[in-house]
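Below: the structure, in structure tokens.
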Amino acid sequence: MSKDTENSPWTIPATEALRAGPHTRVADIDADATPGFEGDKELGTRLLEERGAYLSDLQEKLFANGRSGDRRSVLLVLQGMDTAGKGGMVRHVIGHVDPQGVDHASFGVPTPEEKQHHYLWRINKALPRAGQIGVFDRSHYEDVLVVRVHNLVPEKVWSTRYDEINQFEREIVDNGTTIVKVAMFVSLDEQKKRLAERLERPDKHWKYNPSDVTERALWPEYQEAYQAMLDKTNTDYAPWYVIPSNRKWFSRIAVGELLIDALERLDLDWPAAQFDVELEKKRLAQS
């Protein structure tokens, strides 16, 4: 049973409030919204710490079971435009758990070696090991988003990838990995604000890429690509969750709740000792 805080501000469970559906329209997403959550930033920040501790406990059980032969794992897929907060999600949500139990991968422009292989080759190599929480900062969905928007391959090529991805994810799930797919959306104005902040702060210059401004001109094309992604790859075994991300505190607690739900559904317990506990107590006392 979930260790919810008393009087939870979630009026609708995050898994229900954020689940993409047939009526989800990317163009209509209110990036300032906090679906299913009644509370302010102060409450959200406090809740993140409380639930983060519980997330850590669940992750430790997953890790312990993985060390004891359990093949299950969890994969968090973070997909979003630049400045959506993917990096912050890793620091502020995944940062609550033991790093030795996390397999993190970031997918940028394919390397020369990766270009010699099928686009899913590098993804398959980075899947989480047993007992791990895997995190994809960007993912295989770049190959139906950026690739589509910039016409990097013909339409007859990228248009077949939706079905390929569905089949690939079906195999991943069948092999024991729970997939949590998060589509993070910021508004065009909020993105501009965050990019401006990067330019004003020397400690943020390393995060700024001049191409980000160029990409802003393609916002309508990206909206169309994200809509197709949600429409074609939102499956029962690997559903999409839509996260309004103008309010960073909300997006973080939302993803934290989705991870907690995924781990709870594994119904984890501590693995049984593979030795005689009482005998070992006696041996230790006599040593």
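The values are calculated or read from the model by the stated rules, or taken from the named source; none is laboratory data. Just so we're clear, the structure is a prediction, and the values are computed from it rather than from any experiment. FYI the Cβ positions are ideal-geometry reconstructions off the backbone, even for glycines, and counts take in every protein chain you see. Calculation scope for accessible area: heavy atoms of the full protein, side chains included, ligands and nucleic acids excluded. Shrake-Rupley method; radii C 1.70, N 1.55, O 1.52, S 1.80 Å.
Yes or no: G108 buried (at least 21 other Cβ atoms within 10 Å of the Cβ) and part of a loop (DSSP other than H, G, I, E, B)? For G108, the condition - buried (at least 21 other Cβ atoms within 10 Å of the Cβ) and part of a loop (DSSP other than H, G, I, E, B) - is not met. Pairs linking a residue in the range 1-15 that is farther than 13 Å from D261 by Cα and open to solvent by 40 Å² or more (accessible area, probe 1.4 Å) to a residue that is assigned to a loop (DSSP other than H, G, I, E, B) and at pLDDT 70 or above, with Cβ atoms under 7 Å and 6 or more positions apart or on different chains, are T11/G36; T11/E38; I12/G36. Anything in the range 270-287 that is exposed (fewer than 14 other Cβ atoms within 10 Å of the Cβ) and either polar (S, T, N, Q) or in contact with a helix residue (DSSP H, G or I) (Cβ under 7 Å, 6 or more places away or on another chain) (or both)? List them, or say none. Passing the criteria: W270, Q274, Q286, S287.
Yes or no: the range 48-69 includes at least one residue that is closer than 21 Å to K181 by Cβ, basic (K, R) and open to solvent by 50 Å² or more (accessible area, probe 1.4 Å). No; the residues of the range 48-69 include none that is closer than 21 Å to K181 by Cβ, basic (K, R) and open to solvent by 50 Å² or more (accessible area, probe 1.4 Å). For V74, the stated conditions hold: it is of a type outside the set (G, A, S), at pLDDT 95 or above and under 15 Å from the mean Cα position of the chain (by Cα). Whether a residue is surrounded by 12 or more Cβ atoms within 10 Å (Cβ to Cβ), in a helix (DSSP H, G or I) and not aromatic (F, W, Y) was assessed, and K193 passes this test. Which of the residues that make up the range 70-103 are open to solvent by 20 Å² or more (accessible area, probe 1.4 Å), more than 24 Å from L230 (Cα to Cα) and hydrophobic (A, V, I, L, M, F, W, C)? Hit for the range 70-103 is V102, nothing else.
Of all residues in the range 171-190, which are part of a helix (DSSP H, G or I), of a type in the set (D, E, K, R) and under 23 Å from I243 (Cα atoms)? Those that are part of a helix (DSSP H, G or I), of a type in the set (D, E, K, R) and under 23 Å from I243 (Cα atoms): D189, E190. Answer yes if at least one residue in the range 10-17 is in contact with a helix residue (DSSP H, G or I) (Cβ under 9 Å, 6 or more places away or on another chain) and assigned to a loop (DSSP other than H, G, I, E, B), and no otherwise. Among the residues of the range 10-17, at least one is in contact with a helix residue (DSSP H, G or I) (Cβ under 9 Å, 6 or more places away or on another chain) and assigned to a loop (DSSP other than H, G, I, E, B), which makes the answer yes. Looking only at residues of the range 147-165 that are of a type in the set (V, I, T) and within 17 Å of Y222 (Cα to Cα), we find that the one that is surrounded by the fewest Cβ atoms within 10 Å (Cβ to Cβ) is V153. Restricting attention to the range 23-47 and to residues that are without any contact (Cβ under 8 Å) to a residue 24 or more places away in the chain and assigned to a loop (DSSP other than H, G, I, E, B), the residue that is most open to solvent (accessible area, probe 1.4 Å) turns out to be H23. Of the residues making up the range 207-260, those that are farther than 20 Å from G39 by Cα, touching a helix residue (DSSP H, G or I) at 6+ places or on another chain (Cβ under 7 Å) and in a loop (DSSP other than H, G, I, E, B) number 5.
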